[in-house]
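Right, one structure below, let's go through it.
The values are calculated or read from the model by the stated rules, or taken from the named source; none is laboratory data. The structure displayed is predicted, hence computed values, not measured ones. Neighbour counts run over all protein chains shown; Cβ positions are idealised from the backbone, glycine included. Remember, those area values only see protein heavy atoms, side chains included, never the ligands or the DNA or RNA. Shrake-Rupley method; radii C 1.70, N 1.55, O 1.52, S 1.80 Å.
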Amino acid sequence: MQTKLFSIPSPEGHEAEIAQAARLLREGQLVGLPTETVYGLGADALNATAVAAIYRAKGRPSDNPLIIHVVNDIAWLDRYCRDIPPLAYELAETFWPGPLTMILKRNPIVPDRTTGGLDTVGIRCPDHPVTQAIIRAVDRPIAAPSANTSGRPSCTTAAQVLEDVGGKIAGVVDGGPCQVGVESTILDLTVTPPRLLRPGGMPLEALEEVCGEIQIDPAVQRQMGATERPRAPGMKYRHYAPKAPVTVYEGTPEATAAAIARAAGPGTGVICFEEYRDRFPRSVTASLGPVGDKREQARRVFSALRSFDRTNVKEILAQCPDRRGLGLAVGNRLKKAAGFHTVPVGSGQTRVIGITGPTGAGKTTALRELERMGARVLNCDEIYHRLLAENATLRREITARFGPVFDGETLDRKKLGGMVWQDPKALRDLNGICHKYILSRLGEEIADARDEGLVGVAIDAAALFESGGELLCDTTVAIVAPEEERVRRIMKREGITREYALARVHAQRPDEWFSDHCAHTLVNDSTQEAFRTKAQELFWELLFE
Ligand code: TXA
Ligand code: MG
C-alpha cells in the first residue's frame, strides 16, 4: 500500500488535506496523526474492523487496549464514558487539551476491540490543532496507540512513523515534531484514590494539586513478575527498546557520568546530558539535553534511543534524570527500554542509614526497597546470633555474668531470657555486653561496604539508639504505623491471637518516641504500594542526593 503523506503544519489554509485525512478515517483506514506527545496511529474508535487493523499494522498484542482521542468538549466525555466521577470533569477542565489520559468506565458503544475487552476506556484530548480539526471533521473518537511498531521507541516525527509503518497504512499527517515527546500520563479514575498507571507528559505533581493523593502503580518503577497483572496491560510488555541492550545508571549526574565513562568503550552508545557529552570521547553519544531542562529531555528521549539503531553499538548506557516533574516519565521510558536493568551509582560515599521502629510497622518492606536501590542491609538480630555462634570471647563474657547458659556454642535462650525478663538491671548488663560486639561488627561491615563502593548500608536495629548504633549512621529513619494496622500484621505474620499481638505492641515504645529520635519518619498508614512509593522517594534522596 502506498502511504500518502499529508503535510499540515496548521489547520488554517489546509482545509482540503484535513478533509482528505478525515475521509480516510471515516472509511475505516489507518492514518498516522501528530499529537503533542508522540505520533499516534489513528482509526475510527467505533469501527471494530478499522481498530483490528491497528493491531495488525503495529504487531500489537490484542489484549492491549487503545486510548480514544476526542475533541475538547465535555459532551464527548459523557458520550463514551459512564459513571464519571466529578474529579474527572475537574481534571478535563483543568488539563484538556493536553497530555492526560483518564481511565473511566466505558459506554458500551465503544467496541471491545478498542478496549481490549475491558469495561473501562482510556480517553484523552490531544493538544494539537491539526489532529483536533481532523477528529472534529470525522465526528467520531479516534483510537490511536503510539505509531511505532510494537516494542520499539515511540515516534516523535512523521519520518519515524514512515520508518515503522510506512506501506502498511493509508496516510500520515506531518504536523511537525512533537512538542512534549513522551506519551500522555495515564490516570485511573475508577479507583480511589486515583492511580497513576503510566507517568507521562503531564507531571504527577500537577495532577496531585487537583486530585490530592495519587497512588503509583508498581509497574511504573519495576519489572512486573511473570504472574503479576499490571492495570495498564501495556505496561507488562517490553517497550521502547532499541536493538542494542540498554543499561540505566541512577544517581547524581556527576556520579553517573563518571561511572559510565569507566564502563564505556568504543562499541558503547551513551545517552547523556548535554553537559557531559565530552566525557565519552570513544563512544557514540546521544544527548538528552541539559541536566536542568526536563522538557527538552522528554522531547529527545525517544529519538536518542532510536538513534543507535543506525550505528553498530553493542550496548547502550544511559544517564537518568531524577524523579521530579517530567523526570519520572523520562526515567520510566529509559528503564523500560532497559527492561529495568539499572545500576545505582552512589555519590562516591557509602551512605549509612539507620532504620528502626516497632514490630509490624513495615521495616521489612522498607529495607527491601533499600536493597533494590543497591544498599546492603545489616540486620542486628542476625549479627547477634552469628556472633553468639562464632565469638568465644562474647560467650565467655556472657557466661561470666549470667552463669552457664551455653551448651557448647548453643545458647539456652529460654534460660537467659528468663534471667533478663523483668529484671531491668540484668537486661542492661546483657545489652551492655552484646551491643559492643555488635557495634564493632557493624563497623567492619560498613568498612567492607565502603571498600566495595556500595551506595549505602542500612542498619536494621530495633535498639538503634539504645545500642549507640545511631553513631555509625549518616541519617536515621523511623518506620511507624497505626496500632490497629500493626496488630493485624503481627497476628497474620505470627499466627497469634489478638490479645497476644496487642500485648506485643504495648510492650514497645510509642511511635512518637521513634519519630522524635530519628531524622526522618515514614508512616505506613495506607496501602503497601503507597508505602513502598513513599519509601522509594525518601531513600532515593538519602542515597543519591
Ligand atoms: O500520548 C499518548 O497517550 C499516545 C498518543 C498517540 O495519544 N498514545 C499512546 O497509546 O501512548 P499506547 O497505545 O501506545 O499506550 C496506551 C497505554 C497502554 O499501556 C495501554 O495498556 C493503556 O494505555 N490503556 C489503554 N486503555 C486502558 C484501559 N482501559 N485501562 C488501563 N490501561 C489502558
Ligand atoms: Mg505505545
Handout entry: Close pairs (6 angstrom Cβ cut-off, 6 or more residues apart or separate chains): assigned to a helix (DSSP H, G or I) in segment 149-161, open to solvent by less than 40 Å² (accessible area, probe 1.4 Å) and more than 11 Å from ligand 1 (Cβ to nearest atom) anywhere
Key = 158/172; 161/172
Exercise for the section: Only residues that are out of contact with any Gly (no Cβ under 7 Å at 6 or more places or on another chain) and buried (at least 21 other Cβ atoms within 10 Å of the Cβ): list them for segment 297-318, please. Expected result: 304, 305, 306, 317, 318
Completion exercise
Only one of 40, 32 is small (Gly, Ala, Ser), under 13 Å from residue 128 (Cα atoms), within 16 Å of ligand 1 (Cβ to nearest atom) and surrounded by 17 or more Cβ atoms within 10 Å (Cβ to Cβ), namely 40
Problem - Candidate set from segment 207-219 (those that are of a type in the set (Val, Ile, Thr) and closer than 22 Å to residue 81 by Cβ); member that is most open to solvent (accessible area, probe 1.4 Å) - result: 210
Handout entry: Subset tally (residues that are open to solvent by less than 60 Å² (accessible area, probe 1.4 Å) and part of a loop (DSSP other than H, G, I, E, B)) for segment 74-105
Key = 6
Fill in the blank from the handout: Selection from segment 453-485 of residues open to solvent by less than 10 Å² (accessible area, probe 1.4 Å) and among the charged types (D, E, K, R) yields none
Handout entry: Qualifying positions in segment 502-522 - open to solvent by 60 Å² or more (accessible area, probe 1.4 Å) and either within 24 Å of residue 458 (Cα to Cα) or without any contact (Cβ under 8 Å) to a residue 60 or more places away in the chain (or both)
Key = 506, 507, 508, 509, 510, 512, 516, 517, 519
Handout entry: When residues of segment 106-129 are limited to those that are open to solvent by 20 Å² or more (accessible area, probe 1.4 Å) and in a strand (DSSP E or B), the one farthest from ligand 2 (Cβ to nearest atom)
Key = 106
Exercise for the section: Quick one: in segment 165-190, of everything that is under 16 Å from residue 148 (Cα atoms) and outside any loop (DSSP other than H, G, I, E, B), which residue is most open to solvent (accessible area, probe 1.4 Å)? Expected result: 174
Handout entry: residue 222 being touching a Pro at 6+ places or on another chain (Cβ under 9 Å), in contact (Cβ under 8 Å) with a residue 24 or more places away in the chain and open to solvent by 10 Å² or more (accessible area, probe 1.4 Å)
Key = no
Practice task
Please state which of the following conditions residue 265 fails to meet, knowing it meets all the rest: (1) within 16 Å of ligand 2 (Cβ to nearest atom); (2) in contact with a Lys or Arg (Cβ under 7 Å, 6 or more places away or on another chain).
Solution key: (1)
Fill in the blank from the handout: Of those in segment 417-446 that are among the charged types (D, E, K, R) and assigned to a helix (DSSP H, G or I), the residue nearest to residue 458 (Cα to Cα) is 445
Fill in the blank from the handout: Per the list (1) in contact with a Gly (Cβ under 9 Å, 6 or more places away or on another chain); (2) over 22 Å from residue 10 (Cα atoms); (3) open to solvent by less than 40 Å² (accessible area, probe 1.4 Å); (4) within 16 Å of ligand 2 (Cβ to nearest atom), residue check on residue 146 breaks on (2)
Problem - Residue among 114, 131 that is touching a residue at least 40 places away in the same chain (Cβ under 8 Å), among the polar types (S, T, N, Q) and out of contact with any helix residue (DSSP H, G or I) (no Cβ under 9 Å at 6 or more places or on another chain) - result: 131
Completion exercise
Reported set for segment 524-545 where residues are within 17 Å of residue 478 (Cβ to Cβ), assigned to a helix (DSSP H, G or I) and open to solvent by 50 Å² or more (accessible area, probe 1.4 Å) is 534, 537, 541
Handout entry: Test for residue 489: is it open to solvent by 20 Å² or more (accessible area, probe 1.4 Å), under 17 Å from residue 383 (Cβ atoms) and not aliphatic (A, V, I, L, M)
Key = no
Completion exercise
Per the list (1) more than 17 Å from residue 127 (Cβ to Cβ); (2) open to solvent by 20 Å² or more (accessible area, probe 1.4 Å); (3) out of contact with any strand residue (DSSP E or B) (no Cβ under 8 Å at 6 or more places or on another chain), residue check on residue 10 breaks on (1)
Fill in the blank from the handout: Filtering segment 149-164 down to residues that are over 20 Å from residue 11 (Cβ atoms), open to solvent by less than 10 Å² (accessible area, probe 1.4 Å) and of a type in the set (Val, Ile, Thr) yields 156
Exercise for the section: Pull up segment 245-263, narrow it to residues that are charged (D, E, K, R) and in a helix (DSSP H, G or I), then point me to the one that is most open to solvent (accessible area, probe 1.4 Å). Expected result: 262
Completion exercise
If you go through 197, 204, the only one that is within 16 Å of ligand 2 (Cβ to nearest atom), within 16 Å of the chain's Cα centre (by Cα) and open to solvent by less than 30 Å² (accessible area, probe 1.4 Å) is 197
Fill in the blank from the handout: Output for Cβ contacts, cut-off 6 Å, separation at least six or different chains, first residue open to solvent by 40 Å² or more (accessible area, probe 1.4 Å) in segment 383-412, second part of a loop (DSSP other than H, G, I, E, B), reads 389/409; 412/405
Exercise for the section: Tell me, yes or no, whether segment 212-223 has at least one residue that is farther than 29 Å from residue 94 by Cβ, within 16 Å of ligand 2 (Cβ to nearest atom) and out of contact with any Cys (no Cβ under 9 Å at 6 or more places or on another chain). Expected result: no
Fill in the blank from the handout: Those residues of segment 319-343 that are of a type in the set (Val, Ile, Thr) and either open to solvent by 10 Å² or more (accessible area, probe 1.4 Å) or in contact with a Ser or Thr (Cβ under 7 Å, 6 or more places away or on another chain) (or both) come to a total of 2
Exercise for the section: For residue 499, indicate whether it is of a type in the set (Asp, Glu), open to solvent by less than 50 Å² (accessible area, probe 1.4 Å) and either out of contact with any Ser or Thr (no Cβ under 9 Å at 6 or more places or on another chain) or assigned to a loop (DSSP other than H, G, I, E, B) (or both). Expected result: no
